[in-house]
Amino acid sequence: MKSLSRKNLFFFGLADMPIQMASVPVAAFIPNYYGQDLGISLAAVGLVLILSRSFDAITDPLIGWLSDRTVSPWGRRRVWMILAVPVLMVSIYKLFFPDPNNVSAFYLFIWLTFLWLGWTMLFIPYYAWAAELTADYHERSRVTGWRSSIGLASAKEGR
């Protein structure tokens with residue numbers, strides 16, 4: 001079986017870059033921003049973070065199941081990744097630029113939940129797509145290695 005070219009591996013891994021760069025500000029700044037600057041108690045922020053991530057127990061398998069069964073001209077994975085972009089853009093905007101007069105723990109919960117839904121819509125199909133690039137076990141490890149390396153390098157740059 002022919003190995004994937006470094007160019008193909010690089011461009012596949014490059015898709016991990018913007019999301020990993022966005023994850024650092026979300027993890028590092030959102031709790032502090034809402035807790036100190038916007039006046040939501042840190043206990044409420046922590047509870048919101050846990051509750052919003054708990055929906056992954058439902059959305060991760062659901063999006064995986066749906067992306068496995070999607071039929072589109074762009075392939076079954078890409079359509080989910082494309083649909084994720086506006087969800088991520090709106091939720092990141094709403095999280096980082098809230099109206100200070102209308103911010104509450106519920107507001108944070110809604111937009112974090114949408115953020116994690118967008119994340120799921122992007123990452124579950126993207127990670128599944130990696131396994132479909134090749135049938136060879138060792139080549140799949142190479143694909144994952146490239147993706148992870150580029151993602152880690154970009155997360156470091158996002159700090």
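Filtered by the rule that a residue be part of a helix (DSSP H, G or I) and over 14 Å from the mean Cα position of the chain (by Cα), region 84-109 gives Tyr93, Lys94, Leu95, Phe96, Pro100, Asn101, Asn102, Ala105, Phe106, Tyr107, Leu108, Phe109. Among the candidates Ala28, Ala105, the residue that is farther than 23 Å from Ser154 by Cβ and of a type in the set (Gly, Ala, Ser) is uniquely Ala105.
Scanning region 110-129 for residues that are surrounded by fewer than 17 Cβ atoms within 10 Å (Cβ to Cβ) and either without any contact (Cβ under 8 Å) to a residue 60 or more places away in the chain or more than 15 Å from the chain's Cα centre (by Cα) (or both) yields Ile110, Tyr127. Helices (runs of 4 or more DSSP H) fully within region 1-63 that include at least 1 residues being crowded, with 18+ Cβ neighbours inside 10 Å, β-branched (Val, Ile, Thr) and under 16 Å from the mean Cα position of the chain (by Cα): 16-32. Within the span defined as region 29-50, every residue fails to be out of contact with any helix residue (DSSP H, G or I) (no Cβ under 8 Å at 6 or more places or on another chain) and closer than 27 Å to Gly145 by Cβ. Note on region 64-80: among residues that are loosely packed, with under 15 Cβ neighbours inside 10 Å and among the charged types (D, E, K, R), the one that is nearest to Ala130 (Cα to Cα) is Asp68. Does Thr134 satisfy being of a type in the set (Val, Ile, Thr), outside any helix (DSSP H, G or I) and modelled with pLDDT under 90? The answer is yes for Thr134.
So that you can scan it fast, the table gives a plain yes or no per residue for (1) over 20 Å from Ala28 (Cα atoms); (2) among the aliphatic types (A, V, I, L, M); (3) out of contact with any Gly (no Cβ under 8 Å at 6 or more places or on another chain); (4) at pLDDT 95 or above:
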{"position": "Leu66", "(1), (2), (3), (4)": "yes, yes, yes, yes"}
{"position": "Pro73", "(1), (2), (3), (4)": "yes, no, yes, no"}
{"position": "Ile92", "(1), (2), (3), (4)": "no, yes, yes, no"}
{"position": "Leu122", "(1), (2), (3), (4)": "yes, yes, yes, no"}
{"position": "Gly145", "(1), (2), (3), (4)": "yes, no, yes, no"}
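Would you say Ala105 is more than 16 Å from Gln20 (Cα to Cα), surrounded by fewer than 18 Cβ atoms within 10 Å (Cβ to Cβ) and of a type in the set (Gly, Ala, Ser)? Yes; evaluated as a whole, the condition is true for this residue. Screening Ser141, Ser104 for residues that are of a type in the set (S, T, N, Q) and under 30 Å from Lys7 (Cα atoms) leaves exactly one candidate, Ser141.
The values are calculated or read from the model by the stated rules, or taken from the named source; none is laboratory data. Quick caveat, the model's predicted, so the values are computed rather than measured. Positions of Cβ are generated from backbone atoms using ideal geometry, with glycine treated the same way; all protein chains shown enter the neighbour counts.
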